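Below you'll find the structure, written out as structure tokens, and then a few comments.
The values are calculated or read from the model by the stated rules, or taken from the named source; none is laboratory data. Small disclaimer: the values here were computed from a predicted structure and weren't measured. Cβ coordinates were reconstructed from backbone atoms using ideal geometry, including for glycine residues, and neighbour counts include every protein chain displayed.
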Amino acid sequence: MVKKNINLDTYAKNTWCPGCGNFGILAAFKMAISSLLTDGLPKENIVVVSGIGCSSKIIDYLNLNSFSSLHGRPIASAEGIKLGNPNLKVIVCAGDGGTYNEGISHLIHAAKRNIDITVLVHNNRNFALTTGQFTATSPEGFKGKSTPKGSIEEQFDPIKIMLASKATFIARGYSAKVEHLKNLILKGVNHRGFSFIDILQPCVSFFDTYKFYNERIFEMKSENLTSEKEALKKINQWGYGQKGMKIPIGIFYKIQKPTYEKRLLKGLIPSKRKKRIKVTI
Amino acid sequence: MKKDFSILVGGAAGEGSRKAGLMIAKLFSNLGYRIFIYDDYQSLIRGGHSFSQIRASNKKVLTHRKKIDFLLALDETTIRKHQADLDKKGVIIYNSDKVSIKDENAIGIAMETIVKKAGGVSIMGNSAFIAGFAKIIGIGWKTLEKLFKKEFKKSKGVNLKIAKKAFNDTKNLIKIKKLNQKSLSVLTGNEALSLGAVKAGLDFYIAYPMTPATGILHYLAARKEDFGIAVAQLENEVSIVNAAIGASYTGARTMVGTSGGGFALMTEGLSLAAQSEIPLVIVESQRMSPATGVPTYSGQGDLLFALTAGHGDILRFVIAPGDADEACFWAGKILNLSWKYQTPSILLIDKEISESTFSFDKNILNKIKYEKPSVWDKDGQYLRYKNTKNGISPLAFPGEKNVISKANSYEHDEFGITVEDEKSTEKMQNKRLRKFKEMKKEVNKLEAIKIYGNKYAKKAIIVWGSTKGPAKEAAEKLGIKMIQPIILEPFPKKQMKEALRGVNKLILLETNALGQMEKVLNCYGIRVDRKILKYNARPFLPEEIEKKLSKF
């Protein structure tokens, strides 16, 4: 069935660089939301939460409920939003700098507690809005303004961190494979529990990886998704460095576990709670 | 007939002196006495020296005093440390299995022997101690038994057996009179403020453990089903404050609690709440000294920090209640104010209020109600930051039909889209400035300053927060005026001017090293003649205030 895209535009002027990977993510995001809305999800129940950076400008371009949080904090904000009203679909759009550097503790703990939010990391593997410094996923040797001779730190693998942190939905997408990414976002949002999608995103101004990714990226088959061992095998094909001939995208791992908000709130909706008049000591 | 008693119960941490103190306080409370308990403990789990000092009086008391009538020693250290403060007619009661003492007026209770015979475990020695003391002061077995049955859920039988034996073995010394007034509940400041917040419609409490605010988390976690609220502990204070703002954005009345160090981590949240105009209530319970400082003791050193924390132009409410009743009332009020003005606010207390135990008048709760904030009239397109006359933009929440609510930490237009141009930036700042004006007007309508002692005295002391307790007692005794500002931001200029009328000598008292309140007063053109500062991590005592004031 062909679904018509619903107009989600605002009057805000787009300020991303021409050719920015964020355009692909925005397109995939809108398609995924359109599909959810067509399937009957009330528009008012969607909240997009962003951090700070190029990625986070996305909320200005979406005519949806949104919360522009602080750098590194959108996951913490999103958790509060989900706990305040668990009926909301809460989607975080944040960058690698905010998620893996400034706010890594929130990512790990949100995954650990399996709160039902979706985290999309626009991973261009550098701090772009501050004009190109290395982040946790910049490859060792990354030449930026703070590391003119190349970064001396080895990058880490966020997918592996998510597996160790007990995330129940772990995937990787590519901003230039819009249809594939749209499906990943849909699956992530529909997953009951913490869903994490690292989106490889070329940065035309400071880390142009189009050629590198186009030569290496391939779509994984969706199989053995509940096996940690199998997930690890897939993850180990590429460690976010300059080496490796193949970069798999798709879902690495997906299991079902009770969600945090269900266990914590037991049906209570704090924002809709009747105001109590009587208080006993 | 004496109607004001001081009882000190001390021992090593883990020996149960706090619980024993609380039970003794409840014995007095049941007889109509008004209670104050000062709890002194170190940052350790076992060993060291902890004590509870109970004041039981026919009148409301908000402080302990130096002189002790009964010194209850679970160990030798307690006698060594506190014997000097024992009144001439005072009595030592001690664990005779552990402590040997030459004082012939001292009364021994063979705690260990009694426990062993009854087949109990060593912590139950406290039951023997409490029962022995009850006998000494002439409390009947029936009253004691009733309290034990209420307080002990587990091992009730053994504890009662131990208590009965100690009660029978101990001689009666005096007869404490039952007072002809209603018995009140005894609560800590943390518990009282929790009740106040719940009464004003608290939906969600989020915290990371930090002394002395942890008691709020414990109390609300234990009672969340009763109150029908949510309580969560998250990974750190940064996530706490951001999650709280997120929850408030959905319409849930959310509060967080911490001490100075945790508050330092939360300051980014103050800016976020101010800029995105989302209500946020932070309980900041101070402890002594910078950094880790003296973690289980009190001080008032975070005043200037609370008033100025957060980057950018922020106006916030800072309210500093001085006892449990006020903590309850103002916790409710600050939650309502925060929602009315969609602004961050800080309830500034300290260890003396958080962890001390007070007789609590539950009528305070009747003065607190849920106050409905300004909400969207559902007319036209919803604008989160509608440029209104009073600067307050009506609230609507995600999930509501036809609502698109765009909250933004960037400067934004009325809809919530990021802007950077000078015209929009100034326009939105002006909107917030108009709101600040309204907040200032609101303070004028509230009882922001309290006066105690002799209202007409020319000599006045000015105190804030927990220093109220000992200062009030001293001021009343000396017949001078006491001025207690409760709302510290926006500063109640008019009310302060009124309070200072006729005063020609103003003395400031606070428990910090820099005299921070003086700086605040100076900002409003108020000069203090003298400062009495205390910064050894212990609260003022009425006796020392009286002595110091008599010099000026």
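Structure values in brief
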item	result
Any hit, the range A:112-122, residues being of a type outside the set (Ser, Thr, Tyr), assigned to a helix (DSSP H, G or I) and surrounded by 24 or more Cβ atoms within 10 Å (Cβ to Cβ)	no
Per-region count, the range B:368-387, residues under 35 Å from the mean Cα position of the chain (by Cα), away from chain A (no Cβ under 11 Å) and in a loop (DSSP other than H, G, I, E, B)	2
Residue ID - surrounded by the most Cβ atoms within 10 Å (Cβ to Cβ), chosen from residues in the range A:249-281 that are among the aromatic types (Phe, Trp, Tyr) and away from every other protein chain (no Cβ under 12 Å)	A:Phe252
Matching helices (runs of 4 or more DSSP H) fully within the range B:210-317 where at least 3 residues are more than 10 Å from chain A (Cβ to nearest Cβ) and farther than 21 Å from A:His109 by Cβ	B:214-227, B:260-276, B:303-308
Residue match in the range B:223-233 (condition: among the charged types (D, E, K, R), at pLDDT 95 or above and within 29 Å of B:Met288 (Cβ to Cβ))	no
Condition met for A:Thr99 (in contact (Cβ under 8 Å) with a residue 40 or more places away in the chain, assigned to a loop (DSSP other than H, G, I, E, B) and in contact with a helix residue (DSSP H, G or I) (Cβ under 6 Å, 6 or more places away or on another chain))	no
Residue tally, condition farther than 28 Å from B:Phe36 by Cα and either part of a loop (DSSP other than H, G, I, E, B) or of a type in the set (Ser, Thr, Tyr) (or both), over the range B:511-550	7
Residues being more than 17 Å from A:Ile199 (Cα to Cα), in contact (Cβ under 8 Å) with a residue 24 or more places away in the chain and touching a Lys or Arg at 6+ places or on another chain (Cβ under 7 Å) - total across the range A:17-46	7
Sole residue being surrounded by 24 or more Cβ atoms within 10 Å (Cβ to Cβ) and either modelled with pLDDT under 95 or more than 15 Å from B:Pro490 (Cα to Cα) (or both), chosen from B:Pro344, B:Pro295, B:Pro279	B:Pro279
Verdict on B:Glu104 being free of Cβ contacts under 8 Å to residues at least 24 places away in the same chain, farther than 30 Å from B:Gly157 by Cβ and assigned by TED's automatic domain parsing to the domain that holds B:Phe70	yes
Positions within the range B:151-195 being assigned to a loop (DSSP other than H, G, I, E, B) and among the aromatic types (Phe, Trp, Tyr), in sequence order	B:Phe152
Any hit, the range B:445-462, residues being modelled with pLDDT of 95 or more and assigned to a helix (DSSP H, G or I)	yes
2 or more residues touching an Asp or Glu at 6+ places or on another chain (Cβ under 8 Å) and at pLDDT 95 or above: qualifying strands (runs of 3 or more DSSP E) within the range B:53-117	B:68-73, B:86-95
Residue that is closer than 22 Å to A:Asp96 by Cα and either part of a helix (DSSP H, G or I) or within 14 Å of chain B (Cβ to nearest Cβ) (or both), where the choices are A:Gly241, A:Gly188	A:Gly188
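Rundown of residues vs (1) more than 12 Å from every other protein chain (Cβ to nearest Cβ); (2) under 20 Å from A:Leu70 (Cα atoms); (3) touching a helix residue (DSSP H, G or I) at 6+ places or on another chain (Cβ under 9 Å), yes/no style:
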residue: B:Lys389; (1), (2), (3): yes, no, yes
residue: B:Pro394; (1), (2), (3): yes, no, no
residue: B:Glu400; (1), (2), (3): no, no, yes
residue: B:Val403; (1), (2), (3): no, no, yes
residue: B:Ser424; (1), (2), (3): yes, no, no
residue: B:Arg434; (1), (2), (3): yes, no, no
